[in-house]
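K.L.:
I'd like to ask some things about the structure below.
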């Protein structure tokens, strides 16, 4: 009979140990943990939003190059400036400057520029180039 009690006693000790560990770890949501979770969520949100804006600018640059009869190179735009400026209504918005490369002859590379304020494209231009 002593041998049959031994596994039960061992199981009770194991379960008590597991229960003690879970009770200690369930209340570990601290202010520091919340801070790091919030910071990680903010970084993910910023990355996702920046990618969406860059995709929007890339599509606009493609259309602009097509309308100007030049070819967009590398199928990419590059963020080269970020600042805060006021729009026409006086609200502070994020100002962004993107650059892209294009060619008109297939031999030389030129730079184009896209200026955004908030969600709107304010200006697009191509550097002087050969036709």
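K.L.:
Which of the residues belonging to region 38-61 are surrounded by 12 or more Cβ atoms within 10 Å (Cβ to Cβ) and within 18 Å of residue 122 (Cβ to Cβ)?
P.N.:
53, 54, 56, 57, 58, 60, 61
K.L.:
Let me ask another. Cβ contacts < 9 Å: first residue within 17 Å of residue 125 (Cα to Cα), restricted to region 73-98; second residue part of a loop (DSSP other than H, G, I, E, B) and at pLDDT 95 or above, any location; separation 6+ or different chain. Result?
P.N.:
98/77
K.L.:
Taking region 103-118 on its own, how many of its residues are touching a residue at least 24 places away in the same chain (Cβ under 8 Å) and assigned to a loop (DSSP other than H, G, I, E, B)?
P.N.:
5
K.L.:
Now for a separate question. Counting just the residues of region 96-131 that are within 16 Å of residue 67 (Cβ to Cβ) and under 22 Å from the mean Cα position of the chain (by Cα), which one comes out surrounded by the most Cβ atoms within 10 Å (Cβ to Cβ)?
P.N.:
Filtering region 96-131 for residues that are within 16 Å of residue 67 (Cβ to Cβ) and under 22 Å from the mean Cα position of the chain (by Cα), the one surrounded by the most Cβ atoms within 10 Å (Cβ to Cβ) comes out as 100.
K.L.:
Can you name the number of the only condition in (1) modelled with pLDDT of 95 or more; (2) in a helix (DSSP H, G or I) that residue 98 fails?
P.N.:
Here residue 98 meets the rest and fails (2).
K.L.:
With the structure loaded, tell me whether residue 87 is modelled with pLDDT under 95 and surrounded by 12 or more Cβ atoms within 10 Å (Cβ to Cβ) or whether it fails that test.
P.N.:
So residue 87 fits the description; yes.
K.L.:
If you take the residues in region 21-37 that are surrounded by fewer than 10 Cβ atoms within 10 Å (Cβ to Cβ) and assigned to a helix (DSSP H, G or I), which one is modelled with the lowest pLDDT?
P.N.:
Per the stated criteria, the residue is 25.
The values are calculated or read from the model by the stated rules, or taken from the named source; none is laboratory data. Treat the numbers as computed from the prediction; the structure is a model and nothing was measured. We place every Cβ from the backbone using ideal geometry, glycine too, and count neighbours over all the protein chains shown.
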